[in-house]
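The values are calculated or read from the model by the stated rules, or taken from the named source; none is laboratory data. Owing to the predicted nature of the structure, the values given are computational and were not obtained by experimental measurement. Note that we place each Cβ from the backbone using ideal geometry, even for glycine, and neighbour counts take in every protein chain shown. Just so you know, the surface numbers come from the protein's heavy atoms only, side chains and all, with ligands and any DNA or RNA stripped out. Shrake-Rupley method; radii C 1.70, N 1.55, O 1.52, S 1.80 Å.
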Amino acid sequence: MTNDPNVTTTDPVGTTTDDTCATTTSDVADGVGGAEGDGWESLDRRTVVVTAILMSGVAIGAAVPTVAGISSGTSMSVALAWVVPAGLLVIAASAAADYLRWRKTRYRIGRERAELHSGILLIRRRSLARERIRSVDLTANPLLRIFGLVAVKIGTGEKTEAGESTLTLNPLTRHTGEQLRRELLIREPNGPSGQSGPSDPNPKEEGTLARLDPAWIQYAPISFLVPALGLGAGGVVMQVAQWFNAQAAVVGWVGDRFEGVGLVPMILILLAIAMIVGVIASLALFVELWWNYRLDREHGTLRVTRGLTTTRSISIEERRLRGVDVVEPLGVRLAGAARVDAVATGMTQKKDDDKTDHKTLLPAAPKAIADRLAADVLREEVSPTEAARLIGHPRAAYGRRLRWAYGSAAAFIAVLLILGLWLTPVFLHLAWIAAVVLAPTAFLLARDAYRSLGHALSGDYLVARSGTVRRSTVALQRDGVIGWTIKQSVFQRRAGLLTLTATTAAGPGGYSVYDAAAGEGLLFAREAVPELLEPFLRE
């Protein structure tokens with residue numbers, strides 16, 4: 001077996017081994033999973049029952065439109081005779097496959113490594129070095145919660161050719177999941193394998209940093225997600241109607257309701273209905289995502305717990321924290337609120353069924369609370385995002401934003417005009433309505449975007465702010481900057497502007513200062529991290 005930490009090999013009997021962080025199987029396990037035999041443990045066997053129940057729901061959901069479609073050309077009994085056995089076969093096959101998965105999956109938490117063996121036909125052996133483990137996240141959907149189970153995802157935050165280095169144990173009991181989280185993340189100075197864990201510089205600051213205030217739900221309906229949810233609900237209604245061959249009936253019913261009403265008023269009324277539905281959906285989504293929200297600090301780890309039907313527990317080691325990002329979407333900002341995201345290395349990217357990023361430490365809340373939490377997370381008296389006196393950008397940056405805003409509006413109106421001349425006059429009405437609305441809106445957004453631009457140094461942090469629809473004020477540790485990227489387009493060069501991007505291993509990999517004055521931007525970069533840019537500057 002190779003010792004290359006990012007190599008996948010195949011042994012002579014067809015078993016694949018994913019050697020992540022130097023795999024070996026010679027450990028004697030301890031802690032969780034080390035109580036009996038060689039320490040190998042199995043997942044909870046109730047996974048088979050959970051799978052059978054889940055597939056029953058899927059089968060019923062698929063059977064209803066199928067039976068409706070088949071019965072339109074034959075009798076209901078014939079349709080059921082075809083669909084019911086097929087559904088039972090799908091449920092049985094899924095349960096059998098999950099039973100085999102359970103039988104073939106074993107995990108072990110050793111002194112040096114966390115190991116997972118899985119696979120039915122092709123056996124995979126994966127291993128993570130314990131000192132490299134950076135996250136242990138717990139998730140439980142409604143079915144898992146009923147049975148007291150959780151899915152545990154153990155990750156290093158590193159990227160390999162096959163994706164992020166993670167081990168997923170699904171499912172375990174909640175007690176076992178919590179025990180794993182504590183053992184793998186909360187390391188004492190002389191913890192497992194002798195490594196030094198993250199020490200808490202101020203134990204008095206441990207405990208709960210934030211809890212959900214039910215009043216925060218008022219910020220949910222003022223996001224740009226509302227119209228998307230409303231229009232999506234309309235699409236769902238039409239899709240369900242198609243299953244039952246009732247689309248014409250639904251359209252006819254809507255037409256009857258608006259008989260005698262003009263085209264433009266009808267469109268406005270339907271949009272208003274969609275907005276109302278979107279508001280209701282946004283409130284429900286906020287409750288689902290953030291119910292029972294808490295942010296706790298425990299032994300050098302920040303832990304976010306949240307969720308109503310699906311509970312989530314996300315942990316971030318403070319030694320991986322490189323700063324915070326105070327995000328103010330336009331609607332939320334107008335209401336005097338903001339959310340707080342973590343800027344940390346090894347953050348899990350959003351690739352699962354979660355509806356929000358793992359990096360969010362605080363949902364939309366009053367700006368004063370967001371600033372206070374940002375300071376607490378960074379262990380500062382005042383958050384750098386609040387304390388920094390930002391340096392403004394030249395007027396040339398304002399002109400660029402005006403051109404972008406009016407250009408985007410003109411392009412949208414041109415598309416409506418073309419559709420109106422080609423398809424129906426309805427789009428011509430929408431074009432003049434859009435022109436009336438977008439002309440002042442583009443000006444206001446461009447002016448706000450320019451006023452939002454700024455950068456500064458605040459103690460150990462560099463601070464950069466930009467955006468209007470989504471204004472972001474990031475405070476990044478200066479020692480977390482590993483490089484600078486300087487971009488200057490032809491138009492920027494003529495205007496004496498440039499864009500600086502601080503490269504970092506945290507967050508998305510870089511944070512930008514847009515359209516700064518060329519001389520001021522270079523001096524800012526040199527002062528922030530002198531040793532990086534100094535060799536490339538000429539006096």
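Miscellaneous remarks
- Placing +1 on each Lys and Arg Cβ and -1 on each Asp and Glu Cβ, with no other charges, gives the stretch 362-482 a dipole about its Cα centre of roughly 460 debye.
- Sorted from greatest to least, the principal axis extents spanned by the alpha carbons of the stretch 281-409 come out as 47, 38, 28 Å.
- Residues in the stretch 241-256 carry Karplus couplings, in order, of 4, 5, 4, 9, 6, 10, 4, 4, 5, 5, 4, x, 5, 5, x, 5 Hz; the curve used is 6.51 cos²θ - 1.76 cosθ + 1.60 with θ = phi - 60°, and Gly or Pro positions show x.
- Loop-located trypsin sites (Lys or Arg not before Pro) across the stretch 247-297 with a Cβ neighbour count of 11 or fewer within 10 Å are lacking, with loop assigned by DSSP.
- Each label was represented as a point 7 Å from its Cα along the Cα-to-Cβ direction; for Leu263 and Phe443 these points are 3.0 nm apart.
- A 1.4 Å probe run over the stretch 460-522, with the rest of the protein chains in place, finds 43 Å² accessible per residue.
- Ordering Ser466, Ala518, Pro530 by Cα displacement along the dipole of the stretch 444-539 toward the positive end leaves Ser466 in first place; charges were set at the Cβ atoms of Lys, Arg (+1) and Asp, Glu (-1).
- Cα-Cα pairs of the stretch 401-539 separated by more than 17 Å (percent): 67
- The stretch 74-133 and the stretch 245-283 have Cα centres spaced 44 Å apart.
- When +1 charges are put on Lys and Arg Cβ atoms and -1 charges on Asp and Glu Cβ atoms, the dipole computed for the stretch 56-131 relative to its Cα centre reaches about 660 debye.
- Principal axis box of the stretch 72-139, alpha-carbon based, largest edge first, Å: 64, 25, 14
- The stretch 219-354, accessible surface, carbon-and-sulfur percent (1.4 angstrom probe): 69
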